[in-house]
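Below is one structure, written out as structure tokens; the observations come after it.
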Amino acid sequence: MVDTTFFKNNGPFKLSEIAEICNAELKDASKAEVLVADMATMGKAGDGEICFFYDKKAKAQAAEIKATACVTTEELKDCVPQNVVVLTTANPKLAFLQLNQKFYSEVRNRAEISRTAKIAPSVKIGQNAFIGEHVVIEENVEIGDNCYIEHNAVIGRGCKIGNNCRIGACASIAYTLMGNDCYIYAGARIGQDGFGFMVINGKHERIPQLGRVIIGNDVEIAANTCVDRGALDDTVIGDGCRIDNLVQVAHNDKLGRGCVIVSQTGIAGSCTFGDYVVCGGQSGFADHLHIGSGAQIGAQSGLMRDVEPGAIVMGYPAVPIKEFMRQVACVQKLTKNK
């Protein structure tokens, strides 16, 4: 059961309503008015709750379901006990997402501006905004409608934030233009100096970073991730990108639409990613690389050269996945012979 201290339960729902939400077929129409008050995993769901069953490997566990109802596929429905109401759909995972979004929402503060927030007179704030305790918003910032700025966040002068955006607690935004529907998680650092130095007379002199960070629409940048502003060109994060915790995006990098960057990835400066590039955790990129659209980078890979669109690479240095597998097989064979 979900802890309602942190999340608001919007139920109960009738099974007929759940069938509509999940685009599912209710196998027993006489159960349409049955109420479900919560959702839970197969092993924990009980009376008044609904669960989801989509893994063929879990057939034995499915036979022990004690929930009121279960969403599954047509192929697996017979594995569910007869006393459990069955709803079938082609994609139970998608159904879980859809019902999850309906059932639960975060407990959020009402729209208001805290008296402890320090907001410059020139700031423009849209309708229905929440501005938390000790937030700092500097001169000439523009914030759209329905934005949620959590406690202790800092938004530097001149930044523009679109509608329906959320800025997490203690995050800092500087030198940034942001689209709509973005979520910057707690502790993220957006628009700080790029890491640029030149040795002059035996001393590392900082190169001024004069670019910006441009963030598209529907972007999520997770906790404690850093996106540096450009040196002259802008750092660009395309529409729909999802960037995990503890990622480093360096100055002048450009990510296309829908890229997924998993935690502890480090991207050196001036790299260009196409659309829908996926990077596994702890992958690393040398500077000035071009990564083609649809490329997939395996976890802990080291990228030292460009990657063609649609390629799947892995290893250090990264090579095509089939070549990587041959290398692994070869090493295993050599070690077995000793």
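Within region 319-330, does at least one residue satisfy the condition of being surrounded by 19 or more Cβ atoms within 10 Å (Cβ to Cβ) and free of Cβ contacts under 8 Å to residues at least 40 places away in the same chain? Step through it out loud before you land on a result.
Applying the first criterion (surrounded by 19 or more Cβ atoms within 10 Å (Cβ to Cβ)) to region 319-330 yields none.
Taking every residue of region 319-330 in turn, none turns out to be surrounded by 19 or more Cβ atoms within 10 Å (Cβ to Cβ) and free of Cβ contacts under 8 Å to residues at least 40 places away in the same chain.
Considered as a group, the residues in region 29-80 that are hydrophobic (A, V, I, L, M, F, W, C) and surrounded by fewer than 12 Cβ atoms within 10 Å (Cβ to Cβ) include one that is nearest to Lys14 (Cα to Cα), and that residue is Ala29.
Among the residues that make up region 217-225, is at least one of them in contact (Cβ under 8 Å) with a residue 24 or more places away in the chain and part of a strand (DSSP E or B)? Within region 217-225, one or more residues are in contact (Cβ under 8 Å) with a residue 24 or more places away in the chain and part of a strand (DSSP E or B). The residues listed here are Ala29, Ala69, Ala63; of these, the one that is of a type outside the set (S, T, N, Q) and touching a Pro at 6+ places or on another chain (Cβ under 7 Å) is Ala63. Gly292 meets each of the listed conditions (1) modelled with pLDDT under 95; (2) touching a Gly at 6+ places or on another chain (Cβ under 6 Å); (3) not acidic (Asp, Glu) apart from (1).
Hey, could you check region 253-308 for residues that are charged (D, E, K, R) and in a loop (DSSP other than H, G, I, E, B) and say which is surrounded by the most Cβ atoms within 10 Å (Cβ to Cβ)? Only one residue fits best here, namely Asp253. Restricting the search to strands (runs of 3 or more DSSP E) fully inside region 77-194 and requiring at least 2 residues that are closer than 29 Å to Arg212 by Cβ, under 19 Å from the mean Cα position of the chain (by Cα) and at pLDDT below 95 gives an empty result.
The values are calculated or read from the model by the stated rules, or taken from the named source; none is laboratory data. What you see is a predicted model, and the numbers here were worked out from it, not measured in a lab. When we count neighbours, we look across all protein chains shown, and the Cβ atoms used for this are built from the backbone with ideal geometry, even at glycine.
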